[in-house]
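The structure under discussion appears below in the form of structure tokens.
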Amino acid sequence: PARSRIRLLQDLDGDGVYEKTTIFAEHVLEVSSILPWNGGLLVTSAPDILWLKDQDGDGKADVRKVLFTGFPLVNPEARVTNLRYGIDNWIYVANNGSDGRITSPEHPEHLPVLVRGQDFRFRPGTGEFEAASGPAQFGSTFDEWGNQFITQNTIHIRNVVFPVRYS
């Protein structure tokens, strides 16, 4: 059963010590990455990427939407993770090359995206999504020129020279 929690920590007086803690979201399956977006959080929780938001200001997520689904429930080290903004306004997600047919419940008109051997990227708010170069296992980042660097357990750093969309 889904037992992960996302906890909101608050420093109310600005002294660097958290005085208040609230369970923002419960019953989430093995959360592996979070990223603030649009007043809420994007959350990787295989088989899904979720969007959680607190609308009434009580520190607890009132909105829970599945934005994308179809990522495999495999070993936690190989699950979807590492949400990263790219300078191109897409969000990149490490998938470790695991097999999956990614769909969006909010955009059923979009054909499934196959991500075997690849990572994933999406544009929040527009419904666009596609396979991305990879596979990254644990990490993905960009330098100030937009060059992407990814990592896996046995390959500590690789540069994505040509994004898969150009192949």
Quiz item: So which residues in the range 146-167 are touching a strand residue (DSSP E or B) at 6+ places or on another chain (Cβ under 9 Å), outside any loop (DSSP other than H, G, I, E, B) and surrounded by fewer than 14 Cβ atoms within 10 Å (Cβ to Cβ)?
Solution: N159, R165
Quiz item: Among the numbered criteria (1) open to solvent by 20 Å² or more (accessible area, probe 1.4 Å); (2) in contact (Cβ under 8 Å) with a residue 60 or more places away in the chain, which single criterion is violated by G86?
Solution: (1)
Practice problem: Answer yes or no: is there a residue in the range 10-29 that is open to solvent by less than 50 Å² (accessible area, probe 1.4 Å), closer than 25 Å to S140 by Cβ, in contact (Cβ under 8 Å) with a residue 40 or more places away in the chain and of a type outside the set (K, R). | Solution: no
Exercise. Given the conditions (1) of a type outside the set (A, V, I, L, M, F, W, C); (2) modelled with pLDDT of 85 or more; (3) open to solvent by less than 20 Å² (accessible area, probe 1.4 Å), report the number of the one that P112 does not fulfil.
Key: (3)
Exercise. Starting from residues that are within 30 Å of E144 (Cα to Cα) and charged (D, E, K, R), keep the ones in the range 60-83 and report whichever is most open to solvent (accessible area, probe 1.4 Å).
Key: E77
Practice problem: Of the conditions (1) of a type in the set (S, T, N, Q); (2) loosely packed, with under 14 Cβ neighbours inside 10 Å; (3) not in a loop (DSSP other than H, G, I, E, B), T141 clears all except one; give me its number. | Solution: (2)
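The values are calculated or read from the model by the stated rules, or taken from the named source; none is laboratory data. The structure displayed is predicted, hence computed values, not measured ones. We place every Cβ from the backbone using ideal geometry, glycine too, and count neighbours over all the protein chains shown. Keep in mind that these areas ignore ligands, DNA and RNA; they rest on the heavy atoms of the full protein, side chains included. Shrake-Rupley method; radii C 1.70, N 1.55, O 1.52, S 1.80 Å.
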